[in-house]
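Q: Got a structure for you, questions after.
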Amino acid sequence: MSSWSIQPADVQSVLNDVQTTAAELGEQLTEAKFQAVLDGLTWAAPLTGDVPAAVNAMLGDQMRHLTNISNRIQAGTVGVANAVIAYNNGQEDMAGSYQAQLLRSAESGDFTYFVQHGHKG
């Protein structure tokens, strides 16, 4: 085992803070709020011209970015939590596997590995 000394309670505290902040972000960036912006622009179509279409395209692009950010937050919290558990159980190879899967899940949004192989409880 390496010389790292990981305190699971401290890691869990940080992960809880991350999840709380992510939830707050999600509450502020709802689809309904984006739709309200578009509805307001569409209502004023004679004044705004092509602006609604441009804003819609921009918001569509930003939604992909927000999904990517959400995937990375979720992958980070699940991957780190599992890696810490594995590390503290002396399973350094498994901790490394969780870290590698964290990156794959962040990029793909597929969390199947953690559902099948993640620590339960």
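Q: Going residue by residue through the stretch 66-81, is there one that turns out to be in contact with a Ser or Thr (Cβ under 6 Å, 6 or more places away or on another chain) and closer than 21 Å to THR21 by Cβ?
A: yes
Q: Could you grab the pairs with beta carbons closer than 7 Å, sequence gap of 6+ or different chains, first residue in the stretch 29-40 and outside any helix (DSSP H, G or I), second one of a type outside the set (Phe, Trp, Tyr) and surrounded by 11 or more Cβ atoms within 10 Å (Cβ to Cβ)?
A: As it stands, the answer is LEU29/LEU66, since those pairs meet every condition given.
Q: Moving to a separate point now. Just checking: which of the helices (runs of 4 or more DSSP H) contained wholly in the stretch 41-121 hold 3 or more residues that are surrounded by 13 or more Cβ atoms within 10 Å (Cβ to Cβ) and either of a type in the set (Asp, Glu) or within 19 Å of the chain's Cα centre (by Cα) (or both)?
A: Filter on the stretch 41-121 gives 51-88, 92-108.
Q: List pairs: first residue in the stretch 62-87 and without any contact (Cβ under 8 Å) to a residue 24 or more places away in the chain, second residue surrounded by 17 or more Cβ atoms within 10 Å (Cβ to Cβ) anywhere in the structure, Cβ distance under 6 angstrom, at least six positions apart or on different chains.
A: ALA83/ALA95; ALA83/TYR98
The numbers here are math on the coordinates, done by the rules we state, and not lab data. Quick caveat: nothing in here was measured; it's all calculated off a predicted structure. Cβ coordinates were reconstructed from backbone atoms using ideal geometry, including for glycine residues, and neighbour counts include every protein chain displayed.
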